[in-house]
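A short reminder: the numbers here are calculations on the coordinates, not readings from a lab. Because the structure is predicted, anything quoted here is derived from the model rather than measured. Virtual Cβ from ideal backbone geometry, glycine too; neighbours counted across all protein chains shown.
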Amino acid sequence: MPAKIRKAVFGLLPFVLIAVLLLSLLFFPQEAEKGDTLVAVRVWNVDTFEGGKGSRTSFLKRIAGLAEKKNKGVYYLITSYTAEGAEEAFRKGERPDVISFGIGFSLHAEFSLPLPYASAGGELGGRVLAVPWCRGEYRLFSLTGFGEEGETILSAGGSNLVEVAAQKNGLMGRSEESLAAYTDFLAGKCRYLLGTQRDVCRFSARGTEVESRELPVYNDLYQYISVLSADKRSACLILIDELLSEAAQATLSEIGMLPVAGDPSKFTPSVFTDSAALGELRRLALAGDEKNLDKFLKTV
């Protein structure tokens, strides 16, 4: 199949799936008990930073399936978007009922509805508009042990701010793309690697023994979720409640991510921080301007 045709087909696929689901609900309603209201909820997942292993979209699909079994007549259509793809869709006037996203994507802020949860990083204008459902963590790795001086490489793997993590933990180093930083570290080109849960999974898959220390002062490696549909708010909250349940949180290790509860981090930026402000945060961190840097951060 020619590339252009293949691209067009895959571009239409989410809309075809929505149409099939809606038609099935219209013509085959017998699965719902008499009197039930059938609700189809569109959920977009936008990854803006590296995860651990597996897929956050697949995890959402599994949890959505559990929520559907407990709530007859509610169906969730989970779709994966790149940040660029989601931005283009929003500009065209398209938007989901629920969006799962990380730092660096904030076009939906004006459409997000207040949520009945606590979330420092998801607060905007005095209202909680997003709540984290999983998290990663920053860690310092060494192949030869800690205590000696040596160069540190900062692993940059998305829209998250590894430079801020370094500054808040009293570290300095040069930034490299995530995979390049990982391979340079293994090759002995630096003594320390400031990485994330993604590197934990890489070392584990490779069978590499490495010492590591958690860096708990700052974290922006959170996957948040927001509700954009007032009409389907109840059905949307059913999914969020399932995601935040102890049972679901206990299985996040399947995708190399961590539960939200027990997070030791002290500072985080607003997940709705725009690209210009993210650039300013990075600049302040590299300049060592902690006083002005802290003005952008929230206490967790």
Task: Cα-Cα over 25 Å, subset of Lys53/Lys168; Lys61/Lys232; Lys266/Lys291; Lys69/Lys92; Lys69/Lys232; Lys168/Lys298 - done: Lys53/Lys168; Lys69/Lys92
Task: Shape call, the chain: gyration tensor on alpha carbons, a/c limit 1.5 - done: prolate
TODO: Calculate the length of the line joining the C-alpha centroid of region 237-276 to that of region 205-233, in whole Å.
DONE: 6 Å
TODO: Out of all DSSP beta bridges with both ends in the chain, state the antiparallel percent to the nearest 5.
DONE: 55 percent
- [ ] Quick one: grab the alpha carbon gyration tensor of region 143-192, order the square roots of its eigenvalues as a ≥ b ≥ c, and give me rounded if a/c is under 1.5, else prolate or oblate depending on whether a/b is larger than b/c.
- [x] oblate
- [ ] Report, in order of residue number, the helices in the chain meeting two criteria: a C-alpha extent of 30 Å or more along the helix axis, and a mean Kyte-Doolittle hydropathy of at least 0.0; treat each whole DSSP H run as one helix.
- [x] 3-27
TODO: Quick one: what are the phi-derived ³J(HN,Hα) couplings along region 245-251, Karplus 6.51/-1.76/1.60 with θ = phi - 60°, whole Hz, x for glycine and proline?
DONE: 5, 4, 4, 5, 4, 6, 9
Open item on the list: Spelling out what I want: for every residue of region 96-112, take phi, set θ = phi - 60°, compute 6.51 cos²θ - 1.76 cosθ + 1.60 (Karplus), and round to whole Hz; glycine and proline get x.
Closed with: x, 8, 9, 9, 9, 7, x, 4, x, 10, 9, 4, 8, 3, 5, 9, 6
- [ ] Return the long-range amide H neighbours of Lys298 (sequence gap of 5 or more, or a different chain), with a cut-off of under 5 Å between placed amide H atoms.
- [x] Thr268, Ser270
Open item on the list: Rounded, prolate or oblate for region 249-300? Axes are the square roots of the Cα gyration tensor eigenvalues, ordered a ≥ b ≥ c, and the cut-off for rounded is a/c under 1.5.
Closed with: prolate
- [ ] Would you please give the residues with an amide H less than 5 Å from that of Tyr138, counting only those at least 5 places away or on a separate chain, with H modeled from the backbone geometry?
- [x] Leu215
TODO: Please give the peptides 149-161, 104-116 ranked by average Cβ packing (other Cβ atoms within 10 Å per residue), highest first, as a rough proxy for protection.
DONE: 149-161, 104-116
